[in-house]
Protein chains: 2
Amino acid sequence: MEPSATDFSLQAGEGSSKAEGGRRRPAVSVGAVLPAGGSGERMGGGTPKQFCALLGRPLVSYTIQAVERISWISDIVVVVSQENVEIMKSIIKKYGHRRTTVVEGGVTRHRSIFSGLNAFMKSNHSSPLLQKPEVVIIHDAVRPFVEEDILFKVVTAAEEHGAAGAIRPLVSTVIASSADGCLDHSLDRAKYRASEMPQAFLFDIIHQAYHQCSDYELDYGTECLHLALKYSKTKAKLIEGPPDLWKVTYKRDLYAADSLIKDTMLQQICIISNTKGDATQVGFLLHETLKNHVKVVKSTATSVSENANHLQNILLEQCYNFVCINNKLSDLRETHQLVQILESTNASVLYPVVLISVHLDILENDFFSSGMQSLTKLAKEIKKKNILLYGLVMHYRKDDVKLQETVDSSVSLITALMRDRNPVFVGQILVA
Amino acid sequence: MEPSATDFSLQAGEGSSKAEGGRRRPAVSVGAVLPAGGSGERMGGGTPKQFCALLGRPLVSYTIQAVERISWISDIVVVVSQENVEIMKSIIKKYGHRRTTVVEGGVTRHRSIFSGLNAFMKSNHSSPLLQKPEVVIIHDAVRPFVEEDILFKVVTAAEEHGAAGAIRPLVSTVIASSADGCLDHSLDRAKYRASEMPQAFLFDIIHQAYHQCSDYELDYGTECLHLALKYSKTKAKLIEGPPDLWKVTYKRDLYAADSLIKDTMLQQICIISNTKGDATQVGFLLHETLKNHVKVVKSTATSVSENANHLQNILLEQCYNFVCINNKLSDLRETHQLVQILESTNASVLYPVVLISVHLDILENDFFSSGMQSLTKLAKEIKKKNILLYGLVMHYRKDDVKLQETVDSSVSLITALMRDRNPVFVGQILVA
């Protein structure tokens, strides 16, 4: 089965955007160009930021995913520098991106966007399948958190005005310096805005602007809205965007993006407990306590095998966190079956799935030797498939207050493991 | 003993700044005003960002620490809104900040800075100990990564020009919109700069400017350099600052700051092994392998008690990471002694100290029951003192290749624990 990227797409703050923009579709055909040719100078050399890994996957793949999950965007063109064409093609294949074409760009941002636009022209033989869209979105590969709502707004505004772009308030005052490096004047912050991405254009307007602009502009300019104004006499509509549109520029931005993705991944947990007696009570308490920390907690009380369809649906609803409650540490049958389902749905192609195997009964003498070994072995095996398995031993206590203490500390450990998704701790057995 | 904040100060990228600016002192007296009155609107309400905790400590404390570790800055005035005066005072007490005075600010940024400046005037009875400095630094409480080098540069430039401020290149193009919300024109990015902090002024120039400016400016303006230009006819010198000067504005910025602090804290590790036989070899291999991941690795091969002075010096050199190698899990004597030293030096007042207790021999039958219990108990106790203790069991293997595998996986676990400094995992025993 081919991995299906959009089925498992996930976005910071997705809920609101879906509710607001999910059912609207622009009346025009829409394509997108994602310039991804940057060299990463501002990161202090090394890997260009669009190829830096977040949870093991390159940043550019998150941005492609954010665009391709929107059904009304027909074709996506990613523009990379010549030396990265093959890398980009392998990323598209590995993460199952669809409707996405790689195009070799120029040496500057404007030249790369121009190459991307040219790929849509019928005369272009290297990408014969692409159709020239009525409206084209231009969006940076290093702004992964773009949502459907703002894309819809810039597209419909471009349809009406010919051009549109997202803006944000200025965080710092902007100043002009005189020739001697001193303050000449400062701009009134209220009158100016930062120009961000996405932007959208009637295809012919921006394409014509690129055709007419000078070599100097192609080499030193950066602002597409400016070209549309100058060469196509088109005054772009400016649209206030959300803060998440920011551009991953410095190392600290990668850290921020990593944390935001991790936050979003912790919105749903599924608890599976095919157990009896004490374990049922523990499952219930875990469920109730987890609800105070996580938006959606689902529980299922039958065995994984009897419940395969239901679990597949949960996966389709973008749940990447599972707690599997067992009686004995050595009993990993349910965990094994869950892993099979995870594998069959390709859930872990885009995001690491966290699976925590909870065990109550640790009275067995050979507990840590044999039980640990089988869990560690399984964990090592499935880590290759991006499934992160951790063990958790809960001391069951008859006293209600003490039991709740154990549950509280279990919930702290569970949410910390699921928040961090740290592959280094895979196969470890924690104790609550 | 009073906690001594500056002794243990730590700064992102500190090495370079110390080398370059450490020995230089401005020829004038210098004070600093840190406006910290923001309400945190852009964070989506909740705790104002200057009071948000990073590794358990409020952001504003990191910024104060960054300023007070510089010996040539005499007095620091932190300006907070009325409702936060007591909170701020308790922060200063708890983290042992010195030369720092809390002042109640006004309802806007400019009014707060003006209050801060007024605190330095002799006529001010509420802060009789403050001396009016020749040059005053103004720096945001939410820019914790300010370094001595840029502070020195703005102060000496202010001495010469009357005013000076740090600038950064613009990340986005700045545009002006027309009345109908469309693009009017875009600014040439090369000609403009973002005005950042720190700034510095001859005290009288900025104080006079605040005295003369209008109520409208006090309410709606934000740029101190602008006031100096308009009312004191002083053209500020603009100084290109490092990227770490950025302002913690959004939630993502807190995440970024958290990660940058954690990176810096992982620059030094100290290994303590008062052991014989196999353990000596393991200690050596750990040392050699850790060196590939961490800038400075120190080892000491005598017992903690014989080595107390040496360890205290290591603490003074800003080492917050310790690995203690023991033969038996139940033997925590060395670990206990190290904890005593940590406590006596107040090393953990400002930063959580990580202590990893490594154990080789796990042949004891009661290993996980008794050994684990004593480690968990100690961990729980010292967690209150901001010392984070984790256990690590290493399977000793005679085969060299296999032993190196164990060491490699130990190093991954050790560096992950030290990077994350997650209090939730305290007392857990991991296995390599």
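Where a number appears in this text, it was derived from the coordinates with a stated rule and is not lab data. All of these numbers come straight from a predicted model, not from anything done at the bench. Here the Cβ is made from the backbone with ideal geometry for all residues, glycine too, and neighbour counts use every protein chain on show.
Tell me, how many Å apart are the Cα centres for the range B:63-122 and for the range B:263-320? Using only Cα atoms to place each centre, the spacing works out to 38 Å.
A:Ser305 label point (Cα plus 7 Å toward Cβ) to equivalent points in the other copies: 6.0 nm, shortest first. Ranked from shortest, the separations from the 7 Å Cα-to-Cβ label point of B:Asp408 to its equivalents in the other copies are 4.2 nm. Once backbone amide H atoms are built at 1.01 Å from N, A:Leu170 has A:Ala194 as its partners under 5 Å, excluding neighbours fewer than 5 places away on the same chain.
Measuring against 27 Å, Cα to Cα, the residue pairs B:Lys94/B:Lys247; A:Lys247/A:Lys385; B:Lys191/B:Lys233 contain A:Lys247/A:Lys385 as the ones spanning a longer distance. The relative contact order of the range A:6-261 comes to 22 percent, based on Cα pairs under 8 Å that sit 6 or more residues apart.
Here the Karplus relation 6.51 cos²θ - 1.76 cosθ + 1.60, evaluated at θ = phi - 60°, turns the backbone of the range A:234-241 into coupling constants of 10, 8, 5, 6, 9, 10, 5, x Hz, with x for every Gly and Pro.
Mean per-residue shielding of peptide A:412-425 is 4, counting Cβ atoms of other chains within 10 Å of each Cβ.
Can you tell me which of B:292-300, A:100-108 comes out highest on packing, and rank the rest after it, using the mean Cβ neighbours within 10 Å?
A:100-108, B:292-300
Working note: Karplus 6.51/-1.76/1.60 with θ = phi - 60° gives the range B:177-188 the couplings 9, 7, 4, 8, x, 10, 5, 8, 7, 10, 8, 5 Hz, where Gly and Pro are set to x.
Of the GluC sites (Glu not before Pro) found in the range B:142-209, not one falls in a DSSP loop while having at most 16 other beta-carbon atoms within 10 Å. Between A:Asn313 and B:Glu288, the distance separating the two model label sites (each 7 Å from Cα on the Cα→Cβ line) works out to 5.8 nm. Relative contact order of the range B:266-431, taken over Cα pairs closer than 8 Å and 6 or more residues apart, is 23 percent.
Within the straight-line cut-off of under 16 Å between alpha carbons, the lysines reachable from A:Lys262 are A:Lys295, B:Lys251, sequence neighbours fewer than 8 places apart in one chain being disregarded.
Sorted shortest first, the distances from the A:Arg24 label point to those of the same residue in the other copies are 5.4 nm; each point sits 7 Å from Cα along Cα-to-Cβ. When chain B is described by a simple charge dipole with +1 on each Lys and Arg Cβ and -1 on each Asp and Glu Cβ, the residue from B:Ser214, B:Thr249, B:Ser409 located farthest towards its positive end is B:Ser214. Each Lys and Arg contributes +1 and each Asp and Glu -1, all at the Cβ; summed about the Cα centre of chain B, the dipole is approximately 340 debye. Computed 3J(HN,Hα) for the range A:258-263, one whole-Hz value per residue from the Karplus formula 6.51 cos²θ - 1.76 cosθ + 1.60 where θ = phi - 60°, is 4, 5, 5, 5, 4, 4, glycine and proline marked x. Measuring nothing but how far apart in sequence close Cα pairs (under 8 Å, 6+ apart) lie, relative to its length, chain B scores a relative contact order of 14 percent. Highest mean packing first, where packing is the average number of other Cβ atoms within 10 Å per residue, the peptides B:205-215, B:398-408 line up as B:205-215, B:398-408.
Each of A:Met394, A:Val424, A:Ala379 was placed along the dipole of the range A:266-431 (beta-carbon charges, centred on the mean Cα), and the one lying farthest toward the positive end is A:Val424. Adding -39500 (n - 2.57) for every DSSP H run of four residues or longer, then dividing by how many residues the protein assembly as shown holds, sets the calculated 222 nm ellipticity at -11500 deg cm²/dmol.
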